[in-house]
Amino acid sequence: MESSELAAGEWIEILNGPVSLRCWWTKPKAGLSDIASYSSSNRVYVVLPEVFGVNGWVRSVADRLAAYGHPALAVPLFTRTAPDLELAYETSDLAQGRRHKDATTTEQILADVAAAVSWIGARCPQAAIHVVGFCFGGHAAFLAATLPGVEQAVDFYGAGVSRMRPGGGDPSLALLPEVMARLTCVFGTADPLIPAEDREAIRAALRKADPAGERLRFVECVGADHGFMCEVRSNFDPQASAQGWHLLLGDAPVA
C-alpha cells in the first residue's frame, strides 16, 4: 500500500477517570466520515503498542487499518509513567521501555483499554471492536480479550503470557476461562522471547478451551523472529508480516 493512500490521523485525549490517555485516532478518508452509521459488520480497531510506545510505526498501523476502511485508535500502555512515550528500536530505548512495562499492572491495562472501548462505543455504536497488539501490546491484547465489548483480539508475539502477569499474580494464561472474545495468538518459531515450551503451553491451553479452534486460534509463522510485523525493525519478515495482516484483516485484501 502506497503511503499516499494512508489515512491521516490525529492526537486525541481520552479520559479514564483522572488518567488522560494520549491516543492516535485515524478514520478512513473518503465517504466514511459518519462512522456512527456503520453497520454491525464493520469494525473499529484498538491498537496496543510495543514497549516503545505509540511511536511512528504504531501510528502507521492505525493509519493502514483506516486505509482499509476501518477506523483505528492507538492507545498508550504507560500513561502513568510516560504519557508521551515514543521510542526508537534501539537497545537503550528498549531498556527504557521495559522499565515502564515493569511498572505497569494488569488492572491499569484493562482500565485504560476499557476506557478506549467505551469511547469508541459512544461514537460507533454499531461497530465491532477488534483489539490488536504487538509484543507487550500483544500480551495486553490477550488481557483485553476478557473485556466486555471486545469482539476479537489478535496477540502478535505477546511474550510472557504463559509465565507472568503484568503487576504480579498467576500467569495471564490463567485468565483464558474469562476470554469471551475471539482470540488469535500469533508467534514466530524463531522468536527467542517466546521459546517452544511457551508456545506449546499457550497452544495446549487454547486447544483445551476450544478443541475445534473456531474461537481461540494459535498460529505460528515458520522462521519468523520477534517483531516480524514491524518494517522498521531488523527482524521484519515480509512473508510473515503478510500472513499477519491477512489474519488481522480477515476478509480484507492484503497489500
request  = Look through Ser92, Ser118 and report the one residue that is free of Cβ contacts under 8 Å to residues at least 12 places away in the same chain, assigned to a helix (DSSP H, G or I) and out of contact with any Pro (no Cβ under 7 Å at 6 or more places or on another chain).
outcome  = Ser92
inquiry  = Contact list please: Cβ distance under 6 Å, first residue in the range 47-70 and in a helix (DSSP H, G or I), second residue modelled with pLDDT of 95 or more and of a type outside the set (A, V, I, L, M, F, W, C), pairs at least six apart or on different chains.
reply    = Val58/Pro49; Ala62/Thr26; Asp63/Thr26; Leu65/Tyr45; Ala66/Thr26
Matching residues, the range 100-115, being crowded, with 16+ Cβ neighbours inside 10 Å and either part of a strand (DSSP E or B) or out of contact with any strand residue (DSSP E or B) (no Cβ under 7 Å at 6 or more places or on another chain) (or both) = His100, Lys101, Thr104, Thr106, Gln108, Ile109, Leu110, Ala114
query = Restricted to the range 122-161, and to residues that are in contact with a Ser or Thr (Cβ under 8 Å, 6 or more places away or on another chain) and of a type in the set (Gly, Ala, Ser), which residue is nearest to Val54 (Cα to Cα)?
reply = Ala153
key: Residues that are within 22 Å of Asp225 (Cα to Cα) and among the basic types (Lys, Arg), drawn from the range 137-173   = Arg163
message = Just to check your reading of the model, which residue among Gly133, Gly138 is within 24 Å of Leu193 (Cα to Cα), of a type outside the set (S, T, N, Q), within 17 Å of the chain's Cα centre (by Cα) and not in a helix (DSSP H, G or I)?
response = Gly133
remark   = Residue hits (the range 177-199; more than 19 Å from Phe134 (Cα to Cα) and under 17 Å from the mean Cα position of the chain (by Cα)) are Met180
Pro71 touching a helix residue (DSSP H, G or I) at 6+ places or on another chain (Cβ under 7 Å), surrounded by 24 or more Cβ atoms within 10 Å (Cβ to Cβ) and more than 27 Å from Ala224 (Cα to Cα) = yes
message = Need pairs with beta-carbon distance below 8 Å; first residue part of a strand (DSSP E or B) and among the small types (Gly, Ala, Ser) and within the range 5-22, second modelled with pLDDT of 95 or more and loosely packed, with under 12 Cβ neighbours inside 10 Å; sequence gap 6+ or separate chains.
response = Ser20/Glu13
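The values are calculated or read from the model by the stated rules, or taken from the named source; none is laboratory data. The shown structure was predicted, so the numbers you read here are calculated from the model rather than taken from an experiment. Methodologically, a virtual Cβ is constructed for each residue, glycine included, from the backbone with ideal geometry; neighbour enumeration extends over all protein chains shown.
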